[in-house]
Structures are given as structure tokens and as C-alpha cells.
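Here the structure comes first, spelled out in C-alpha cells, and everything after it is commentary.
The values are calculated or read from the model by the stated rules, or taken from the named source; none is laboratory data. Nothing here was measured: the structure is a model prediction, and the numbers come from that model. We place every Cβ from the backbone using ideal geometry, glycine too, and count neighbours over all the protein chains shown.
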Amino acid sequence: MIAGRCPTCKKPYEIAELRDLPTFPFCSERCRLLDLGRWIDGAYAIPGQEVRNPTGEDDKADDEDD
Ligand SMILES: [Zn+2]
């Protein structure tokens, strides 16, 4: 017997074995997708990542002489 709690809706559940709950550790597909959606929202919410400087000027100090 496995007792757990859904990370999304906090609903406790008890299952005999893991394959009884394909969406483990979530109680349902809906909760699994909700959690996934949160991750994706978070990823998109990060501003200003991977923005290259179009002028080619380095922000980082390039002190080493070539
Ligand atoms: Zn749930």
C-alpha cells in the first residue's frame, strides 16, 4: 500500500501499487497537467533570458589581449 498526497490539489490517496496510479504522484491526469502548465508558465515568465546584444558589443569585460 502506498499512501501519498497529490502535489497539485493536496488530496491524499492510497494505492496498492504504483501502476494503479499512472499519473503518480498526482491524483489524476488533470492535476498532472496543471502542474506541468505551472512549469511552462514559469519558463515563459523569465524575462530577458537569452537576449543577444545585436550590436555585437560585449557586456562582459574582455580584458585579455589578443
Ligand atoms: Zn490532485
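Checking CYS27 against (1) modelled with pLDDT of 95 or more; (2) exposed (fewer than 10 other Cβ atoms within 10 Å of the Cβ); (3) not aliphatic (A, V, I, L, M): exactly one of these is not met. Which one?
It fails just one condition, (2).
Of all residues in segment 1-16, which are assigned to a loop (DSSP other than H, G, I, E, B), at pLDDT 95 or above and away from the ligand (no atom under 11 Å from the Cβ)?
Correct list: ALA16 only.
Listed residues LEU21, LEU36; which is modelled with pLDDT of 95 or more, within 16 Å of the ligand (Cβ to nearest atom) and surrounded by 10 or more Cβ atoms within 10 Å (Cβ to Cβ)?
Just one listed residue meets the conditions, LEU21.
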